[in-house]
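The values are calculated or read from the model by the stated rules, or taken from the named source; none is laboratory data. Note that the structure is predicted; figures quoted are calculated from it, not measured. Don't worry about glycine lacking a Cβ; one is built from the backbone with ideal geometry, like all the others, and counts go over all protein chains shown. Please note that ligands, DNA and RNA were not included when accessible areas were found on the heavy atoms of the full protein model with its side chains. Shrake-Rupley method; radii C 1.70, N 1.55, O 1.52, S 1.80 Å.
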Amino acid sequence: DFSLWRSAHKNRINMAFKGEDHLDSLPLPVQRMHLIQVDSVQRWMEDLKLMTDCECMCILQSKPISIEKDEQNELILSSQYSTCDNLQLLLKRAWIISTELTRIAQKLERNRWQRVHSMTVRVNCHVRSMINEYNTFTRNSSEEMHQFEKLLVDKCSEFTAFTERCIQTEDEQILKTMKSCINETLTTVAQYFAQLIELVLTHEAQNLLRQIELSDNIYITESAISSLFSLTQEGAHLCRIIAKEGGVVALFKICRQDCFRCLYPQTLRTLASICCVEEGMHQLEKVDGILCLTDILTDNSHSEATHAEAAAVIAQITSPHLTFTQHLSSFLENMEEILTALVKLCQEASSGEVFLLAAAALANITFFDTMACEILLQLNAMKILLAACSDKHIVDTPYSRDQVATILANMSVLDQCASEIIQGNGVQLLLEMLFERSPSGNSAEVAACERVQQKSAVTLARLSRDPEVADAAIKLSCIPRLIKLCRSPTERNNSDSVLVACLAALRRLAVMSPDGLEDSDFQQLVKPRLVDSFLLCTNMEESFV
């Protein structure tokens, strides 16, 4: 999953390589709040903001503590909050409310009336606090939003009154009748809450996009784009809202103005996030986004960072796991120019991350269109990628090797690739990839290592139809390693896909060199049907007695 390994690589972009929605990113941490006067009371108030005792909140109803308006600033949070901080606080409060509503439903199922009531009181307090907090920093909120605020507050009060009556009676029949009313009220509260949050986020997205479109001040524009990027990290739903409100159009407008060149990397990173959803892709097509990306990639006057982020957008929109790339007709028209620029970026990359982004885009394009492999062959891409793999500072993670292995596997369907592999010492690299292991044990990294092993075995199987490649693989002792991967589940991390690929490669090499296998290996791994050998190897689990 592109989003997983990009997240593991400094959280730069989020894209699909394991088939997950881009929308799987974690919330950004809320920055510590600054107080005008730092003393123990104000420190206490800061911690209290999200952890207030229910009964106290019930009495205070989120009203300000200070008596005189002129003195209010001495006790409230500093007005120097950024929009990003305020939105993060809002999203955190919304997450708390959403979690509490889910827990209320669970307690209600088990008739835990006392718990249901105390949690309802807490939700009531959080809702009021959220609305109060939002109204302190928002501007130009709509009448519709105010109506939903009132509806939600009224329904929360009704909800609390219902649950309070439940704890004052022990009559089972009355409680049974009340339960259906509470369930209905809970559903309504959840609906009003969801609609209010939708309105709030739409309103904030509109404000940020208005700033981007209307401001010619580079600092205001930079701040708005930064806040917009933070919103995109909160999941696919927010990306859809931003796309529907014209986010892709506004950001490409920035990318077409030379006066904002220094903001291109940040702008492109935000675009890559938005384009994880179908609405973003449609908007990109409407504004000729592919042509703009091609211009950026082929313009040598742009910085490496700009080229890298443009490659990230290409990687996102060509992900093989997205089902809505068919409409990218303009991509084919510019594909050769894009591939040429990406190969050059791989060759000249100054860091592992730049190489990773460029290689990921290339890997995705080889899935996107079969003609891409022929173009890459003409561009000497295989030679460049094999040379890059010898530089451990550039190809420095399993994620990068995963992209290289993907490109090699997809290009290996072409007969001309065999000579390129031999000349570039590619068989040695494929053997090294069969030994790929995760040093950290991180689940995303382990999955990347499995993909490297699988794709290197697939490449060996395809290229070994050429006698020269098969002979080189046999001389480098690829057969013993393939046998080890087949027979030892731990070597392949119990991956069935690695097993199938290794069995296929082993059978191809066995045809060229039957003497290279012991009789037991031949009888179990080569002679039977592939499915029988597969079942035999999957039953070779270690037993601990």
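State the extension gain, in nm to one decimal, for the chain segment bounded by Asn539 and Arg112, taking 0.36 nm per residue of separation less the distance between their alpha-carbons. Working shown, then result.
Details: separation 427, 0.36 × 427 = 153.72 nm, distance 4.77 nm.
Contour length minus Cα-Cα distance gives 149.0 nm.
Note on Asp216 and Val413: with the Förster distance fixed at 30 Å, the Cβ-Cβ geometry gives a FRET efficiency of about 0.05. Can you grab the distance from the C-alpha centre of the range 341-358 to the C-alpha centre of the range 449-515, Å, no decimals? Cα centroid to Cα centroid, the span is 29 Å.
If a/c stays under 1.5 just call it rounded; otherwise compare a/b with b/c (prolate if a/b is bigger, oblate if not). Do that for the range 301-454, with a ≥ b ≥ c from the square roots of the Cα gyration tensor eigenvalues. In terms of gyration-tensor shape, rounded. The chymotrypsin sites (Phe, Trp or Tyr not before Pro) of the range 154-260 include none that meets both criteria, a DSSP state outside H, G, I, E and B (loop) and at most 11 other C-beta atoms within 10 angstrom of the site's C-beta. Working from label points 7 Å from Cα in the Cα-to-Cβ sense, the Asp396 to Gln423 distance is 3.0 nm. Accessible surface area normalised per residue over the range 453-540 is 45 Å², counting heavy atoms of protein chains with a 1.4 Å rolling probe. Take the Cα of Ser488, step 7 Å toward its Cβ, do the same at Lys527, and the gap between the two points is 2.6 nm. An oblate overall shape is assigned to the range 212-299, the ratio a/c of its alpha-carbon gyration tensor axes (a ≥ b ≥ c) being 1.5 or greater and a/b not exceeding b/c. The 3J(HN,Hα) values that the Karplus relation (6.51, -1.76, 1.60; θ = phi - 60°) gives for the range 329-337 are, in residue order, 5, 5, 5, 4, 5, 10, 4, 5, 5 Hz. Gly and Pro appear as x.
Taking only protein heavy atoms into account and a 1.4 Å probe, give the accessible area per residue of the range 79-203 in Å². If you can, show how the numbers build up before the last one.
On the way: 6320 Å² over 125 residues.
Spelled out: the 1.4 Å probe surface of the range 79-203, per residue, equals 51 Å².
Just the protein heavy atoms count here, and of the accessible area of the range 307-400 at 1.4 Å, carbon and sulfur take up 51 percent. Prolate is the label for the range 79-203, because a/c, from the alpha-carbon gyration tensor with a ≥ b ≥ c as root eigenvalues, is 1.5 or above and a/b exceeds b/c.
Can you pull out the GluC sites (Glu not before Pro) in the range 442-545 that DSSP calls coil and that have at most 15 other Cβ atoms within 10 Å?
On the way: sites: Glu445, Glu450, Glu468, Glu491, Glu518, Glu541, Glu542; in loops: Glu491, Glu518, Glu541, Glu542.
Filter output for the range 442-545: Glu518, Glu541, Glu542.
Heavy-atom surface analysis with a 1.4 Å probe gives the range 79-203 a carbon and sulfur content of 49 percent of its accessible area.
Evaluated at q = 0.10, 0.13, 0.16, 0.24 Å⁻¹, the base-10 log of the normalised Debye intensity for the range 363-459, with identical point scatterers placed on the Cα atoms, takes the values -0.24, -0.41, -0.62, -1.32.
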